[in-house]
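Participant: Below is a structure I'd like to ask you about.
The values are calculated or read from the model by the stated rules, or taken from the named source; none is laboratory data. Given the structure is predicted, the values throughout are model-derived calculations rather than measurements. Glycine also receives a Cβ, built like all others from the backbone with ideal geometry; neighbour counts cover every protein chain displayed.
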Amino acid sequence: MRLFFALFILVLFMNLVNADIVLFKEKYSVGETFQAELNFLNLIDDIKTENIKVLDSNKQVTDIGVLIQKIDNDNYFVYFDIPQIDEGDYFLIVKDVKFLENNILIKKDFIKDFSVVKDVNDIISVKPALIIYKLDEKSFFKVDITNKGNNLIKVNISSTDNLTKIAVNNLSISKGNYDGFYFDINKENIKDTKKTNIAINYGNNVYNLPVYILKDKISHDISFFLQTEKERKYLDFYYTDIPFESYAEGSLFLENNLIKNITNLRIFLTGDLGEVLRLGYYNIDFFESKSEKELGLFFNKDRDAKKGIYSGDIVLKNQDTEVILYITINLIEPFLEKASGKNDEELFFEKESLLGKAFREKRENFGKENGKASGKNDELSLEGGIFLKNDSGKNISSLSSGIKKINKRNLSYFLIGLILLFFIAFYFAIFLKTGKNKSNKFSDFIKEIQKK
């Protein structure tokens, strides 16, 4: 009996050491964002989406699509919004995990159970579901919260340490609507910390948003980046606002980091991104080693998408490679009139008040840090080189600036014309008055002659 118990403890210890699935919650409502960490040691192969399934209470595979983000070589993050499914018990299974244990190759499945309930009151979905911060890269992030329940939700956002500075701590979100907050990483306080959490409290619930702090860069098979005239900006996730009923275009760049060529690469979208985003192409037959490709992005091309947040992943995948980029597209109200002389982005963020204050403060600090005049705008109206288009395919931004110039020129002509008209009228009035006086004097002169 003692031997059996010792062997049981040994096996349990080995499992704990080599693998662990950590659920952030064990009970979820339909519409909530599911979160789980996969922690493995000595992995042989990367964990991919096909390794992960969700089983129902009968241990049958469901059609629930999961999203996975690699944090580092041994740790992954799994997330998805709970779809409209029946209440009951479900299981997250990670299949065919290959790892070394005592220098022996092990192939094993890991499983964790959770439950789903039909609570319709206090429910939120958070995007992105996690934050990955790399040292010496962008430390300013935006998080969106959607109210998927029936109640008005009062949200309180806080952190348990001094690693994050949150711009807005309290939000009120009505049914079916969304709001968001910005936060910044306090780089000087990081030290040896690898992870921190932001607590999003709502009702009697809490959503813990993990913030992973990476000091070593992860080498992905393929990297995503944006290219501007001044810099190359590598991405772990991508967010942009597009005015409702507008069509916009942009470009995303892909970089093959491998020392070998990649072939037969398929590109597809997950979540509801397909409702508002089209790609320039969906297959790469040949991707040369250490080369780059430009991928066209076409936002709301048919101009028929509804207002709101659309999110999911761009996935690049073949038999050997799988990389993802999380994307959020927010279709917002049309930009306000420029009566104040401010640009689109300033007016939009002023409309969003608290978010606007945080954004402007951050932008001004960014300007000061980079030796620019504070408040100046460097490609911020639509991020990532995205340009709004009109029906003729021209950039609305350039058209609108042209219209402003034309309007100013017309106004100048109008004022000059008005002044000239005034002087002509004034001169004509004097001329008429002078002419009348001369006519009267001439008549009197004729009468005097006739009398004589």
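Participant: Residues of region 22-43 being surrounded by fewer than 18 Cβ atoms within 10 Å (Cβ to Cβ) and either in a strand (DSSP E or B) or modelled with pLDDT of 90 or more (or both), which ones? Outline the logic, then answer.
Facilitator: The first filter runs over region 22-43 and keeps only residues surrounded by fewer than 18 Cβ atoms within 10 Å (Cβ to Cβ), leaving 22-23, 25-27, 39, 41-42.
Across region 22-43, the qualifying residues are Val22, Leu23, Lys25, Glu26, Lys27, Asn39.
Participant: Here's a follow-up. Is it fair to say Thr240 is surrounded by fewer than 16 Cβ atoms within 10 Å (Cβ to Cβ) and part of a strand (DSSP E or B)?
Facilitator: Numbers: surrounded by fewer than 16 Cβ atoms within 10 Å (Cβ to Cβ): no; part of a strand (DSSP E or B): yes.
No.
Participant: Another question, if that's okay. Regarding region 291-304, can at least one residue be identified that is at pLDDT 50 or above, in contact with a helix residue (DSSP H, G or I) (Cβ under 7 Å, 6 or more places away or on another chain), within 30 Å of Lys260 (Cβ to Cβ) and buried (at least 16 other Cβ atoms within 10 Å of the Cβ)? So that I can check it myself, show each step before the final result.
Facilitator: Within region 291-304, the subset at pLDDT 50 or above is 291-304.
After this cut, where a residue has to be in contact with a helix residue (DSSP H, G or I) (Cβ under 7 Å, 6 or more places away or on another chain) as well, the list is none.
Looking for residues that are at pLDDT 50 or above, in contact with a helix residue (DSSP H, G or I) (Cβ under 7 Å, 6 or more places away or on another chain), within 30 Å of Lys260 (Cβ to Cβ) and buried (at least 16 other Cβ atoms within 10 Å of the Cβ), one finds none in region 291-304, hence no.
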